[in-house]
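Worksheet: one structure, shown below.
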Amino acid sequence: MILCPLPNKAYRITQRYYDRPNYYKKYGLKSHAGIDYAPPSVNQKGVVVHAPHDGYVHSLDFGDKGFGKHIYITSLPYAGDKCRQSVLAHFQAVLVSEGQFVAQGDPVGIMGTTGDSTAVHCHHGYRTIDKGKIVEEDNGNNGFTDIERFILDWYL
Ligand SMILES: [Zn+2]
């Protein structure tokens, strides 16, 4: 089960998985490789982003290229050796630290517009790791897949 990073259906999807293939060529990608969630009001400040699933936080990056301030969350194994992995990007502030375990729904960051971004939003990319390897890594989007139909809206 993968939760929407924003609860209470308080979001607008501003970019979908297959969008803008030409733009993402510069990153070596086939298309936009995730879902962009923007707050209900354009450039709304202080919106809290929540963990879509449980896992350890890693690869914190406070740089200003591409994803900007972002985190990866990798779950404990489920269904054998599979792990869920999410990247959440363009934060204004990261609320968690390297190696921290977060439960599904925990606050992990404040939405921002760092990196390659033109307005406040959160990019959520999702892929599966199996026995330490990215599943379908050669899919043109580094294994990130279209999960929009599986995302669960929830209420806080
Ligand atoms: Zn995006």
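The values are calculated or read from the model by the stated rules, or taken from the named source; none is laboratory data. It should be emphasised that the depicted structure is a prediction, and the values quoted were computed from it without experimental measurement. All Cβ positions, even for glycine, are placed from backbone atoms using ideal geometry, and neighbour counts span all protein chains on display. Note: accessible area is taken over every heavy atom of the protein model, side chains too, but ligands, DNA and RNA are not part of it. Shrake-Rupley method; radii C 1.70, N 1.55, O 1.52, S 1.80 Å.
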Discussion item. Please count how many residues of segment 98-133 are closer than 28 Å to P21 by Cβ and touching a residue at least 40 places away in the same chain (Cβ under 8 Å).
Written reply: 20
Practice prompt. Report, by residue number, each residue of segment 1-37 that is near the ligand (Cβ under 10 Å from one of its atoms), touching a strand residue (DSSP E or B) at 6+ places or on another chain (Cβ under 8 Å) and not in a loop (DSSP other than H, G, I, E, B).
Written response: T14, Q15, I35, D36, Y37
Discussion item. Against the definition (under 17 Å from I147 (Cα atoms) and either part of a strand (DSSP E or B) or open to solvent by less than 10 Å² (accessible area, probe 1.4 Å) (or both)), how does V87 come out, yes or no?
Written reply: yes
Worksheet item: among the hydrophobic types (A, V, I, L, M, F, W, C) and modelled with pLDDT of 95 or more: does that describe V96?
Response: yes
Worksheet entry | Within segment 45-66, tally of residues that are part of a loop (DSSP other than H, G, I, E, B), surrounded by 13 or more Cβ atoms within 10 Å (Cβ to Cβ) and modelled with pLDDT of 95 or more | 5
Discussion item. Step by step: first the residues of segment 11-44, then only those that are within 17 Å of the chain's Cα centre (by Cα) and open to solvent by 40 Å² or more (accessible area, probe 1.4 Å), then the one that is farthest from G112 (Cα to Cα). Which residue is that?
Written reply: Y18
Worksheet entry | Count - residues of segment 1-10 that are open to solvent by 20 Å² or more (accessible area, probe 1.4 Å) and touching a helix residue (DSSP H, G or I) at 6+ places or on another chain (Cβ under 9 Å) | 1
Fill in: Selection from segment 91-136 of residues that are surrounded by fewer than 16 Cβ atoms within 10 Å (Cβ to Cβ) and either within 16 Å of the ligand (Cβ to nearest atom) or of a type in the set (A, V, I, L, M) (or both)
A93, A103, T118, A119, I134, V135
Worksheet item: Conditions: (1) in a loop (DSSP other than H, G, I, E, B); (2) away from the ligand (no atom under 16 Å from the Cβ); (3) open to solvent by 60 Å² or more (accessible area, probe 1.4 Å). N139 meets all but one. Number of the miss?
Response: (3)
Practice prompt. Could you tell me which numbered condition R149 fails, if it satisfies all but one of (1) within 29 Å of N22 (Cβ to Cβ); (2) in a loop (DSSP other than H, G, I, E, B); (3) open to solvent by 40 Å² or more (accessible area, probe 1.4 Å)?
Written response: (2)
